[in-house]
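**Student:** If you scroll down you'll find the structure; I have some questions about it.
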Amino acid sequence: MYQEFEKWLNSLLENDMPENTAAYNFNIYEEDDETYGVQLIASDEFSEEDDDWACSEIWSSEEDIFYIDHSDEKDADRERGLEFISVLISDYLEKGGKSAKLKAVNAVGAGFVDGDLKIIYRKA
């Protein structure tokens, strides 16, 4: 799964991102009962106290969505889904081909579009 995620993310990060990008967020959608969709957005805002920074979208992967099938998970729920996706993102930040582009901003987060965000990376 990681190799597919890395390939997807590398292709997105080949794009020129807006210079005023303050943070990236991985929006997670429940596509159906057995699939999560992941979309990357760039935001020109970031706040530790207010998750609404992720709504200030200045770039998006739009319909270029990464799909995760979780039909083989008998105990699949949103919390476990977020944790699984967070691990993929953390692995990418550690060894991904274009991870420096993500690390160049203030933060990288992830979360379901109708839920709380988890901050996975903060710039030191």
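The values are calculated or read from the model by the stated rules, or taken from the named source; none is laboratory data. Source: prediction; values computed, not measured. Neighbour counts run over all protein chains shown; Cβ positions are idealised from the backbone, glycine included.
**Student:** Which residue out of ASN15, ASN25 is modelled with pLDDT under 95, closer than 15 Å to LEU102 by Cβ and not basic (Lys, Arg)?
**Tutor:** On the way: ASN25 fails: modelled with pLDDT under 95.
Answer to the selection: ASN15.
**Student:** Looking at SER71, SER60, SER47 in this structure, which one is surrounded by fewer than 18 Cβ atoms within 10 Å (Cβ to Cβ) and either β-branched (Val, Ile, Thr) or touching a strand residue (DSSP E or B) at 6+ places or on another chain (Cβ under 6 Å) (or both)?
**Tutor:** Values: SER71 fails: either β-branched (Val, Ile, Thr) or touching a strand residue (DSSP E or B) at 6+ places or on another chain (Cβ under 6 Å) (or both); SER47 fails: either β-branched (Val, Ile, Thr) or touching a strand residue (DSSP E or B) at 6+ places or on another chain (Cβ under 6 Å) (or both).
Selected residue: SER60, the only one of SER71, SER60, SER47 that is surrounded by fewer than 18 Cβ atoms within 10 Å (Cβ to Cβ) and either β-branched (Val, Ile, Thr) or touching a strand residue (DSSP E or B) at 6+ places or on another chain (Cβ under 6 Å) (or both).
**Student:** If we keep just the residues of segment 31-44 that are within 21 Å of SER90 (Cα to Cα) and at pLDDT below 95, which is surrounded by the fewest Cβ atoms within 10 Å (Cβ to Cβ)? Walk me through how you get there before you give the answer.
**Tutor:** If we filter segment 31-44 for residues that are within 21 Å of SER90 (Cα to Cα), which is where we start, we get 35-43.
Filter once more, so that each one left must be at pLDDT below 95: 35-36.
Numbers: THR35: 14, TYR36: 22.
Step by step, filter segment 31-44, then rank; the result is THR35.
**Student:** A further question on this structure: For segment 100-120, indicate whether the set of residues that are farther than 23 Å from SER11 by Cα and acidic (Asp, Glu) is non-empty.
**Tutor:** Yes, there is a match, as at least one residue in segment 100-120 is farther than 23 Å from SER11 by Cα and acidic (Asp, Glu).
**Student:** Answer yes or no: is there a residue in segment 7-14 that is in contact (Cβ under 8 Å) with a residue 40 or more places away in the chain, loosely packed, with under 12 Cβ neighbours inside 10 Å and either more than 16 Å from the chain's Cα centre (by Cα) or over 16 Å from GLY109 (Cα atoms) (or both).
**Tutor:** yes
**Student:** Please go through segment 87-104 and pick out each residue that is buried (at least 20 other Cβ atoms within 10 Å of the Cβ) and in contact with a strand residue (DSSP E or B) (Cβ under 7 Å, 6 or more places away or on another chain). Steps first, please.
**Tutor:** Taking segment 87-104 and keeping what is buried (at least 20 other Cβ atoms within 10 Å of the Cβ), we get 88-89, 92, 96, 99, 102.
Within segment 87-104, ILE89, LEU102 qualify.
**Student:** Please verify whether TYR24 is in a strand (DSSP E or B), on the phi < 0 side of the Ramachandran plot and buried (at least 20 other Cβ atoms within 10 Å of the Cβ), treating the condition exactly as stated. Outline the logic, then answer.
**Tutor:** Working: in a strand (DSSP E or B): yes; on the phi < 0 side of the Ramachandran plot: yes; buried (at least 20 other Cβ atoms within 10 Å of the Cβ): yes.
Yes: the conditions hold for TYR24.
**Student:** Given the conditions (1) at pLDDT 95 or above; (2) under 15 Å from GLY109 (Cα atoms); (3) not hydrophobic (A, V, I, L, M, F, W, C), and given that GLN3 satisfies all but one, which numbered condition is not satisfied?
**Tutor:** For GLN3, the exception is condition (2).
**Student:** Within segment 34-71, count every residue that is among the small types (Gly, Ala, Ser), over 18 Å from ASP114 (Cβ atoms) and assigned to a strand (DSSP E or B).
**Tutor:** Step one: filter segment 34-71 for residues among the small types (Gly, Ala, Ser), giving 37, 42-43, 47, 54, 56, 60-61, 71.
Pick out the ones that are also over 18 Å from ASP114 (Cβ atoms) and you get 42, 47, 61, 71.
Applying the additional criterion that residues be assigned to a strand (DSSP E or B) yields 42.
The qualifying residues number 1.
**Student:** Among the numbered conditions (1) more than 16 Å from ASP116 (Cα to Cα); (2) among the acidic types (Asp, Glu); (3) touching a residue at least 24 places away in the same chain (Cβ under 8 Å), tell me where GLU19 comes up short.
**Tutor:** (3)
**Student:** Moving on to the next point. Being assigned to a loop (DSSP other than H, G, I, E, B) and at pLDDT 95 or above, is that true of even one residue in segment 72-91?
**Tutor:** Just the residues of segment 72-91 that are assigned to a loop (DSSP other than H, G, I, E, B), to begin with: 72-77.
If we keep only those that are at pLDDT 95 or above as well, we get none.
No, that holds for no residue.
**Student:** Looking at LYS101 and the list (1) more than 20 Å from PRO18 (Cβ to Cβ); (2) part of a helix (DSSP H, G or I), which single condition is not satisfied?
**Tutor:** (1)
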